[in-house]
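Reviewing the structure listed below.
The values are calculated or read from the model by the stated rules, or taken from the named source; none is laboratory data. Computed from a predicted model, the values in this text were never measured in an experiment. Here Cβ is always computed from backbone atoms with ideal geometry, including for glycine, and neighbour counts include all displayed protein chains. Please note that ligands, DNA and RNA were not included when accessible areas were found on the heavy atoms of the full protein model with its side chains. Shrake-Rupley method; radii C 1.70, N 1.55, O 1.52, S 1.80 Å.
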Amino acid sequence: MRARYGVPLGITAVATAGLIYAAGFEVRSFRLRRVTVPVLPPGMHPLRVLQVSDIHMVGDQRKKQRWLRSLAGLRPDFVLNTGDNLSDPEGVPEVLDSLGPLMEFPGAYVFGSNDYYGPRPRNPARYLLEKTSGRHGLNGNAPAVGVIHNPWEDLRDGFDEAGWLNLTNTRGTLKIEGVSVELTGLDDPHIKRDRYARVAGGPSAGADFSMGVVHAPYLRALDAFTADGYPLILAGHTHGGQLCIPFYGALVTNCDLDTDRVKGLSTHTAEGHTSYLHVSAGCGTNRYTPVRFACPPEATLLTLVARD
């Protein structure tokens with residue numbers, strides 16, 4: 001009897017313990033990633049950029065809300081929000097309250113699909129099927145029907161009122177201690193709202209530094225930014241894989257980006273140009289899959305320094 005059932009029971013016990021850890025501890029184990037990126041023109045003073053992404057706010061996530069408010073203590077030069085703030089149509093007040101201290105700093109934002117539409121229960125295995133078929137989001141799949149529409153306009157109005165730049169398929173400029181920082185943004189490629197033709201042409205001649213911002217790091221967006229000569233691109237969306245295998249890494253990215261670059265700092269090359277790419281693993285999850293494993297929730301403080 002012991003030999004017959006011992007192994008299955010042991011596997012069940014390990015799986016249960018892993019689920020308890022993923023849902024009860026790691027999903028609330030918030031971290032700060034620190035990255036130094038040599039992208040500024042020679043002689044320029046360093047800039048500290050705080051990236052927050054994929055908050056996926058649901059009511060009563062008080063630890064997450066306290067942690068987000070505490071990030072203001074980092075005193076960044078500016079803040080970039082790379083989308084997917086919501087996982088609950090009623091979550092706008094919590095998002096604005098949690099980000100309130102950060103909105104005292106200069107900032108900008110793009111939206112992700114979950115800012116526009118509410119989540120639905122989904123079989124996690126579909127992410128693997130989409131990876132093998134090359135079909136992600138609305139890219140190659142049928143249009144979404146019967147979706148919940150989030151009050152993204154209220155979120156937009158709150159960010160705009162605080163003075164953050166809306167980078168929805170447009171450009172904006174921040175003045176940081178006399179330095180002109182140009183931000184070129186796209187709406188979410190995951191749901192085919194990106195319109196790069198509206199912002200094409202590369203960095204403006206009058207900007208001291210320029211960078212690209214997008215929610216989902218689809219290759220068409222990364223190729224366009226890189227080919228146009230942007231030295232740095234910031235994105236989110238991937239959740240770092242969310243459920244990763246220790247010593248191996250992520251299984252999926254939920255877009256056409258390879259898993260080797262699912263989170264953190266890497267590079268991207270297109271048409272003879274190379275850009276730095278930073279993908280945030282985000283600090284939340286879809287409300288229907290509130291687990292993380294070997295991929296803690298995070299925000300990132302990027303210190304941009306002069307290149308050699």
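Could you run through region 175-200 and say how many residues are within 22 Å of Phe111 (Cα to Cα) and part of a loop (DSSP other than H, G, I, E, B)? Count: 9. Residues that are assigned to a loop (DSSP other than H, G, I, E, B), in contact with a strand residue (DSSP E or B) (Cβ under 7 Å, 6 or more places away or on another chain) and not acidic (Asp, Glu) do not occur anywhere in region 119-133.
Among the residues of region 219-236, what is the count of those that are open to solvent by 10 Å² or more (accessible area, probe 1.4 Å) and either in contact with a Lys or Arg (Cβ under 8 Å, 6 or more places away or on another chain) or in contact (Cβ under 8 Å) with a residue 60 or more places away in the chain (or both)?
Within region 219-236, residues that are open to solvent by 10 Å² or more (accessible area, probe 1.4 Å) and either in contact with a Lys or Arg (Cβ under 8 Å, 6 or more places away or on another chain) or in contact (Cβ under 8 Å) with a residue 60 or more places away in the chain (or both) number 1.
Out of curiosity, is Glu177 loosely packed, with under 12 Cβ neighbours inside 10 Å and touching a helix residue (DSSP H, G or I) at 6+ places or on another chain (Cβ under 9 Å)? Spelling it out, it is not the case that Glu177 is loosely packed, with under 12 Cβ neighbours inside 10 Å and touching a helix residue (DSSP H, G or I) at 6+ places or on another chain (Cβ under 9 Å). Which ones in region 261-307 are open to solvent by 40 Å² or more (accessible area, probe 1.4 Å), part of a strand (DSSP E or B) and free of Cβ contacts under 8 Å to residues at least 40 places away in the same chain? Within region 261-307, just Thr267 meets the criteria. Scanning region 222-260 for residues being part of a loop (DSSP other than H, G, I, E, B), out of contact with any helix residue (DSSP H, G or I) (no Cβ under 8 Å at 6 or more places or on another chain) and charged (D, E, K, R) gives a total of 2. Summed over region 151-169, the residues that are out of contact with any Ser or Thr (no Cβ under 9 Å at 6 or more places or on another chain) and within 17 Å of Gly118 (Cα to Cα) give a count of 5. Do the conditions hold for Leu50, that is, is it at pLDDT 95 or above and over 26 Å from Thr274 (Cβ atoms)? Taking the combined requirement at face value, the residue does not satisfy it.
Return yes or no: is Ser210 under 20 Å from Thr168 (Cβ atoms), part of a loop (DSSP other than H, G, I, E, B) and among the polar types (S, T, N, Q)? So Ser210 does not fit the description; no. Could you check region 248-260 and list, in sequence order, the residues that are of a type in the set (Val, Ile, Thr) and either within 14 Å of Asp54 (Cβ to Cβ) or open to solvent by 30 Å² or more (accessible area, probe 1.4 Å) (or both)? Selection gives Thr253, Thr259. Condition test on Gly236, is it farther than 26 Å from Asp88 by Cβ, touching a Ser or Thr at 6+ places or on another chain (Cβ under 9 Å) and small (Gly, Ala, Ser)? Spelling it out, it is not the case that Gly236 is farther than 26 Å from Asp88 by Cβ, touching a Ser or Thr at 6+ places or on another chain (Cβ under 9 Å) and small (Gly, Ala, Ser). Within region 29-86, if we keep just the residues that are surrounded by 17 or more Cβ atoms within 10 Å (Cβ to Cβ) and hydroxyl-bearing (Ser, Thr, Tyr), the residue that is nearest to Val179 (Cα to Cα) turns out to be Thr82. Of the residues in region 141-164, at least one is of a type outside the set (A, V, I, L, M), over 19 Å from the mean Cα position of the chain (by Cα), at pLDDT below 95 and open to solvent by less than 50 Å² (accessible area, probe 1.4 Å).
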